[in-house]
1. What is the packing order of peptides 90-103, 202-215, taking the mean over residues of other C-beta atoms within 10 Å and listing the highest first?
2. Expressed as a rounded percentage, what relative contact order does the range 4-99 have, with Cα pairs under 8 Å and six or more residues apart?
3. Taking the 0 to 90 degree range and rounding to the nearest ten, how far is the long axis of helix 43-58 tilted relative to the main principal axis of the chain, both from C-alpha atoms?
4. Give a residue-ordered list of calculated ³J(HN,Hα) values for the range 208-218 (Karplus: 6.51 cos²θ - 1.76 cosθ + 1.60, θ = phi - 60°; whole Hz; x for Gly, Pro).
5. Plugging the Kirkwood radius over Cα pairs into Stokes-Einstein for the range 1-148, at a temperature of 25 °C and a viscosity of 0.890 mPa s, what D comes out in µm²/s?
6. For G189, what residues show an amide H to amide H distance below 5 Å, using hydrogens built from the backbone and excluding near sequence neighbours?
7. Place a +1 charge on the Cβ of each Lys and Arg in the range 4-99 and a -1 charge on the Cβ of each Asp and Glu, then give the dipole magnitude about the Cα centre in debye, rounded to the nearest 20.
8. Any idea which of A188, N95, W148 is furthest toward the positive side of the dipole for the chain, if Lys and Arg beta-carbons carry +1 and Asp and Glu beta-carbons -1?
Amino acid sequence: MLPHITATRFVTPLREGGSLPGIVEASDCGTYVIKFRGAGQGLKVLVAEVIVGEVARRLGIRVPTMAVIDLPAAIARYEADEEVQDLLNASLGRNLAVDFLPGSFGYDGSRTPPADEAADIVWLDAFTANVDRTWANPNLLVWHREAWAIDHGAAIWFHHSWPSRGADSSRFAVQPFDTSEHVLKDVAGDLAAAHRRASAALTPAVLTEVVALVPDEWLEPAPGLDTPEAVRTAYVEHLSRRLENASAWWEAA
Ligand SMILES: Nc1ncnc2c1ncn2[C@@H]1O[C@H](COP(=O)(O)OP(=O)(O)OP(=O)(O)O)[C@@H](O)[C@H]1O
Ligand SMILES: [Mg+2]
């Protein structure tokens with residue numbers, strides 16, 4: 001499981017994020033970006049953040065530390081902005097905390113990551129079908145001169161069809177990925193080497209360990225997926241099958 005902390009103060013909403021994330025202080029004296037369970041597409045976005053962010057970390061990509069953060073009702077009570085107060089009230093309980101990187105700035109190409117690191121990030125996005133790393137929305141921060149990957153909530157989109165269609169990993173396993181708009185495509189190095197590194201790192205045991213980090217409560221049941229354990233198995237199965245079928249979505253495989 002991820003570390004578990006409690007929000008002690010809501011500092012400010014982050015107006016630039018589509019899902020209206022905010023900044024909070026927490027019981028461990030840390031400052032975090034909070035991704036709300038009550039925002040937009042709900043819990044699945046938080047699940048994607050954890051799974052894809054932790055897969056990235058195991059590939060050696062820099063990702064801010066994550067934790068599960070409890071949002072107590074008292075914090076919502078004192079928020080003056082009505083829109084923010086509604087979101088806080090809709091998000092009481094367990095949310096996602098992402099370590100706040102103070103003084104970071106959005107990637108603008110002026111400080112490019114090393115070629116192998118860029119290739120690993122392009123590979124991650126192809127593997128997890130993350131279309132959210134383009135020039136329009138780079139979702140890369142530069143902090144202490146290094147690139148940090150954020151915002152993986154839109155990746156592994158397959159789980160959004162589970163409520164209506166149940167889990168079937170065959171489509172996601174072979175879904176092509178278009179890297180032409182990727183923010184790092186021009187600076188990425190050897191893509192075949194990135195694939196070899198990632199395939200060696202992401203063993204079934206590692207994928208299982210990553211999926212185990214998601215709190216049970218975020219794993220909503222779906223047809224054929226009645227328990228958190230069944231949902232976890234479905235995530236591991238989808239990721240494993242995509243890895244086995246890399247030649248369908250990764251030219252350099
Ligand atoms: N860990 C962090 N440290 C510092 N700033 C951050 C962090 N996470 C996010 N931000 C800032 O907040 C913005 C919004 O965050 P993020 O992209 O995760 O939210 P979102 O609502 O999913 O956004 P989007 O509009 O891309 O869908 C980022 O572009 C960045 O400027
Ligand atoms: Mg973003």
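Read-outs: derived from the displayed coordinates by stated rules, not from any lab. Source: prediction; values computed, not measured. Here the Cβ is made from the backbone with ideal geometry for all residues, glycine too, and neighbour counts use every protein chain on show.
1. Numbers: 90-103: 17.7, 202-215: 16.2.
Answer by packing, highest mean first, reads 90-103, 202-215.
2. Values: 166 pairs, mean separation 31.5, N = 96.
Taking the mean separation of contacting Cα pairs over the length of the range 4-99, I get 33 percent.
3. In the chain, helix 43-58 runs at an angle near 50 degrees to the longest axis.
4. 5, 5, 5, 5, 5, 6, 6, x, 3, 5, 7
5. Values: Rh = 16.1 Å.
Translational D for this selection: 152 µm²/s.
6. Residues meeting the criterion, in which the H sits 1.01 Å from N, are D116, A118, A119.
7. Numbers: 10 positive and 12 negative charges, 83 e Å.
Dipole of the range 4-99, to the nearest 20 debye: 400 debye.
8. A188
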